[in-house]
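Below: one structure, written as structure tokens.
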Amino acid sequence: MSKPSVAKLVPRVPSRRQQYSAATKRTLVDVAEDLFTENGYAATSLDTIVAGADVTKGALYHHFSGKQALFEAVFERVEDDAARAIHQALKGHRDPWEKATAGLRAFLTVVQEPRYRRIVIQEGPAVLGYERYREQEERSTFANVLEIVRSVLSAGEWELEEDLQQTFARIFFGAMSSAGESVSDAPDPVAAAANVETAIGFILSGFRALAEGGAEIPAARPSEAGPTGS
């Protein structure tokens, strides 16, 4: 048997040019994130971004097609950071109700962060468009919601098909997105977050009572409405 070559065993080190290019891209995203958070998308110009990053517009266009593409890169990073924070909060909780509460509290902390409020909730839908905005949200945070929902549903003696679990998760995901918007837009986000935690906690307590009481989830029934006659 032939041995692998040394070249295959040694990880490829990026060239200095590649390292510089990656550093330039990170700097552009860093500066853009700060400016979008502080001033909003419309009030932030590419001239201001390249000046803050100390690069030329040519360098910016080497990495991004324009301001919207740069905003999307910022949006993705903020969403990914949020998803990691929530996932980290879920780790170590075997009890489904503690896991759900920990995830909820982590989410409510995230939506109060200035950069998340401005970039994801306030600017995201308008800049990206609703469909792209939802795609990005689902890509980053839906997995956490699905993990919470599956954990809660496993507390009962319920054997649910994957489609129904996905339906539960999407309903809960929609509720959480709406809750995040209400907290972000509230005059007192801390009080609004406390209200959301109380409301969703009440819903979870209902699920817990059903699970501990051995309640069954009714099977989905197809619509009984037939074709209308003339």
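Condition test on V78, is it part of a helix (DSSP H, G or I), under 13 Å from the mean Cα position of the chain (by Cα) and either aromatic (F, W, Y) or at pLDDT 95 or above (or both)? If you could, list the steps in order and put the result at the bottom.
Numbers: part of a helix (DSSP H, G or I): yes; under 13 Å from the mean Cα position of the chain (by Cα): yes; either aromatic (F, W, Y) or at pLDDT 95 or above (or both): yes.
Yes, satisfied.
Using the structure shown, decide if A69 is hydrophobic (A, V, I, L, M, F, W, C) and open to solvent by 70 Å² or more (accessible area, probe 1.4 Å). Steps first, answer last, please.
Numbers: hydrophobic (A, V, I, L, M, F, W, C): yes; open to solvent by 70 Å² or more (accessible area, probe 1.4 Å): no.
So A69 fails the test.
With the requirement that a residue be aliphatic (A, V, I, L, M) and assigned to a helix (DSSP H, G or I), what does region 13-31 give you? Even if it seems obvious, please write down each step before you answer.
Within region 13-31, the subset aliphatic (A, V, I, L, M) is 13, 22-23, 28-29, 31.
Those that are aliphatic (A, V, I, L, M) and assigned to a helix (DSSP H, G or I): A22, A23, L28, V29, V31.
Anything in region 32-45 that is buried (at least 16 other Cβ atoms within 10 Å of the Cβ) and assigned to a helix (DSSP H, G or I)? List them, or say none. It would help to see each step written out before you state the result.
Of region 32-45, the ones buried (at least 16 other Cβ atoms within 10 Å of the Cβ) are 32-33, 35-37, 41, 44.
If the condition is that a residue be buried (at least 16 other Cβ atoms within 10 Å of the Cβ) and assigned to a helix (DSSP H, G or I), then A32, E33, L35, F36, T37 are the ones that fit.
So, of the residues in region 122-138 that are of a type outside the set (S, T, N, Q) and open to solvent by 50 Å² or more (accessible area, probe 1.4 Å), which turns out to be farthest from the chain's Cα centre (by Cα)? Spell out how you get there, then give the answer.
Going residue by residue through region 122-138, those that are of a type outside the set (S, T, N, Q) are 123-135, 137-138.
Among the residues that remain, those that are also open to solvent by 50 Å² or more (accessible area, probe 1.4 Å) are: 126, 130-132, 134-135, 138.
Working: A126: 17, Y130: 15, E131: 14, R132: 13, R134: 9, E135: 10, E138: 7 Å.
Taking the candidates together, the pick is A126.
Any residue that is assigned to a helix (DSSP H, G or I), surrounded by fewer than 19 Cβ atoms within 10 Å (Cβ to Cβ) and in contact with a Gly (Cβ under 9 Å, 6 or more places away or on another chain) - is there at least one of those in region 84-99?
Yes; the residues of region 84-99 include at least one that is assigned to a helix (DSSP H, G or I), surrounded by fewer than 19 Cβ atoms within 10 Å (Cβ to Cβ) and in contact with a Gly (Cβ under 9 Å, 6 or more places away or on another chain).
Among the helices (runs of 4 or more DSSP H) lying completely within region 114-186, list those that include at least 1 residues that are acidic (D, E), outside the structural domain of D34 (by the TED database) and without any contact (Cβ under 8 Å) to a residue 60 or more places away in the chain.
Numbers: elements: 124-128, 130-153, 162-185.
Per the criteria, 130-153, 162-185.
Only one of T44, T27, T37, T48 is within 22 Å of the chain's Cα centre (by Cα) and outside the structural domain of R115 (by the TED database). Can you tell me which?
Values: T44 fails: within 22 Å of the chain's Cα centre (by Cα); T27 fails: within 22 Å of the chain's Cα centre (by Cα); T48 fails: within 22 Å of the chain's Cα centre (by Cα).
Every option except T37 fails the conditions.
Between S154, S223, S184, which is modelled with pLDDT under 90, among the hydroxyl-bearing types (S, T, Y), surrounded by 15 or more Cβ atoms within 10 Å (Cβ to Cβ) and at negative phi? Reasoning before the result, please.
Working: S154 fails: surrounded by 15 or more Cβ atoms within 10 Å (Cβ to Cβ); S223 fails: surrounded by 15 or more Cβ atoms within 10 Å (Cβ to Cβ).
The unique qualifying residue is S184.
Within region 157-172, does at least one residue satisfy the condition of being among the aromatic types (F, W, Y), under 25 Å from E216 (Cα atoms) and surrounded by 17 or more Cβ atoms within 10 Å (Cβ to Cβ)? Steps first, please.
First, the residues of region 157-172 that are among the aromatic types (F, W, Y): 158, 168, 172.
Narrowing further to those that are under 25 Å from E216 (Cα atoms): 158, 168, 172.
With the extra rule that they be surrounded by 17 or more Cβ atoms within 10 Å (Cβ to Cβ), the set shrinks to 168, 172.
Yes: region 157-172 contains one or more residues that are among the aromatic types (F, W, Y), under 25 Å from E216 (Cα atoms) and surrounded by 17 or more Cβ atoms within 10 Å (Cβ to Cβ).
Take the residues in region 103-113 that are among the β-branched types (V, I, T) and not in a loop (DSSP other than H, G, I, E, B), then tell me which one is most open to solvent (accessible area, probe 1.4 Å).
Taking region 103-113 as the starting set, the residues that turn out to be among the β-branched types (V, I, T) are 109-111.
Within this subset, residues satisfying the condition of being not in a loop (DSSP other than H, G, I, E, B) are 109-110.
Numbers: T109: 85, V110: 7 Å².
Here the residue is T109.
The values are calculated or read from the model by the stated rules, or taken from the named source; none is laboratory data. All figures in this text were calculated on a predicted structure; none of them were measured in a lab. Note: ideal-geometry Cβ built from the backbone for every residue, glycine included; neighbour counts use all protein chains shown. Calculation scope for accessible area: heavy atoms of the full protein, side chains included, ligands and nucleic acids excluded. Shrake-Rupley method; radii C 1.70, N 1.55, O 1.52, S 1.80 Å.
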